[in-house]
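Only one structure is covered here, and it is reproduced in the block below.
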Amino acid sequence: MNRNTENYIISFKDQFDPSLVSEIISSVDSGDKDSVIKIVKRLPPSDITDIINLLKPSERKSFIECIKDEFQPEILSDLEDLVREEVINYLGYNFVANILPKLETDDAVHVIEDLKDNEKDLILQKIPQSDREELQLSLNYPDDSAGRLMSLDFVSAPPYWDVGEVIDYFRKNKELPNEFYEIYLIDPYFKPIATLSLSNILKSNRSNKLENLKSNHFVTIPATMDKELVAHEFERFDLVSAPVIDENDRLIGVITADDIVDVIKDEAGEDIKFLGGVGDENITDNVLKVSRGRFSWLFINLLTAILASIVIGIFDATIQEMVALAILMPIVASMGGNAGTQTLTIAVRSLSTRELVPLNYKRIINKEILVSFYNGMFFAIIIGVLSALWFSNLSLGAVLAFAMVLNMVIAGLSGILIPLSLNKVGIDPAIASTVFLTTITDVVGFFVFLGLAAWLLV
């Protein structure tokens, strides 16, 4: 499969402007197809993708009908999942089957991997056999694996070739990928043994053997490796591309840096969404899907809030005796929650980037305890003095200060231990950490503050 390449000379004034959407809608509504095509022709596929994502479903259908003759395959691979399914229905399976072979294998797989099995089969059946077999090879690997990311368009050569033979091969072979940065030296069993950059080849004499040009820096990616780990390998070794091998260590594909940029973007967005309790929600999702996705997390939060309320209920008599407690207790819980969230954010991010590992667990945990203690002491002094002056009660200020220190230390400790524990049992820390943290800081904060007040003040 080959990427359909076109040149785009984009000046600043031609870069995507959301106001273009209004212009496009107006032209579509008036039936001015020529104006729509004129706008689209000066934009790269990524900008057209943004336009399609921004349109309403009814506007989207009319727009697709206008640009169908000018539709570029790259547009499909960059669309939001639900929007992509919608656009595929507008274009028709025959049309999609015709343009898929123009995409690189990884992009083509991305287009069809989330479709229903019957829809996927309909499209695959209409694709030439050679292209279909390539797609099926990638589809056989797990969703988040390197096998789904890889392109099957790569260049390999035996180590006994010389530079001249390689260059002649490049010039004569019409089936080479449109873009590649490295070639892979392979043994008779098609196992990669080295990587050679094109710059290294071009700088060498024609008589030099390839095996004499290879570097010691060589990394292979198993097809079953999780894509997040693949991204880590690219960062770790500063890779531009990397060969992908199957279970028999044979070369089957290549992953390039542009694929990894997408992985990093997706993983970062995913972590932020999970920390916010919105799952894999996208801005283009319909109301029912968004509501359903948020409901589960909100329900869990409701249960944790009820638990915190039960703790408050235990001390209802204490609160009735001293109304000031009801005024002050949200301060303890909120400060603990915010402190814990700060620690949690750093911990989740550090785990995803492999900066937080068993070797430094103890050191990082101790650091977070100390940070929480110092901040707890600082804010305890501030809020203790203010509450004592506010309610003219020195003992109340002392109780609030002590509760503040204790809750912030526990919050900081929880913020690091919760994601570590979830990670150890194989659960993504970003998914459930905030729920547990909120429960701990609220329950502990209320219990400590009200418990001390019941013991010392009432």
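Here are the numbers for this structure:
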item	result
Magnitude of the charge dipole, region 12-140, Cβ model with Lys/Arg +1 and Asp/Glu -1, debye to 20	420 debye
Stretchable slack from Leu176 to Tyr90, in nm (0.36 nm times residue separation minus alpha-carbon distance)	27.7 nm
Degrees separating the helix 361-391 axis from the principal Cα axis of the chain, which is the longest one	40 degrees
Backbone N within region 220-264 under 14 Å of label point (7 Å from Tyr189 Cα along the Cβ vector)	246-251
Debye, to nearest 20: dipole size of region 308-380, +1 on Lys, Arg Cβ, -1 on Asp, Glu Cβ	520 debye
Alpha-carbon centroid distance for the pair region 109-160 / region 173-196, whole angstrom	19 Å
Positive-end extreme of charge dipole, the chain - chosen from Phe295, Ile306, Leu54 (charges on Cβ)	Ile306
Other-chain or far-sequence residues with amide H under 5 Å of Ala194's (modelled H)	Leu185
Inter-label distance, nm, simple model (7 Å from Cα along the C-beta direction), Val219/Asn338	4.0 nm
Lys, Arg +1 and Asp, Glu -1 on Cβ, resulting dipole of the chain about Cα centre, debye, nearest 20	1220 debye
Ascending count of other beta-carbon atoms within 10 Å, so fewest first, for Leu457, Leu55	Leu457, Leu55
Relative contact order (%) - the chain, alpha-carbon pairs under 8 angstrom, separation at least six	11 percent
Using alpha-carbon coordinates, inclination of helix 257-275 to the longest axis of the chain, degrees	20 degrees
³J(HN,Hα), Karplus 6.51/-1.76/1.60, whole Hz, each residue of region 21-35, x for Gly, Pro	4, 4, 5, 5, 4, 4, 5, 5, 4, 8, x, 8, 4, 4, 5
Nearest-ten-degree value, helix 45-54 long axis tilted from longest Cα axis of the chain	40 degrees
Sites Asn360 and Ile272 - FRET efficiency at Förster radius 22 Å, r taken between beta-carbons, to 0.05	0.35
Gyration tensor over alpha-carbon atoms, the chain, equivalent ellipsoid semi-axes in Å	54, 31, 19
For Thr441, Thr195, Thr345, order by how many other beta-carbon atoms lie within 10 Å, fewest first	Thr345, Thr195, Thr441
³J(HN,Hα), Karplus 6.51/-1.76/1.60, whole Hz, each residue of region 302-316, x for Gly, Pro	4, 4, 5, 5, 4, 4, 5, 5, 4, 4, 4, x, 4, 10, 4
Sorted by Cβ density within 10 Å, fewest first, the residues Arg363, Arg84	Arg363, Arg84
Hull shadow area, averaged, region 287-456 [alpha-carbon convex hull, nm²]	11.4 nm²
Separation of alpha-carbon centers, region 318-373 and region 34-70, rounded to whole Å	48 Å
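Each value in this text was obtained by applying a stated rule to the coordinates, not by laboratory testing. Note that the structure is predicted; figures quoted are calculated from it, not measured. Cβ sites come from the backbone with ideal geometry, for glycine too, and all protein chains shown count toward neighbours.
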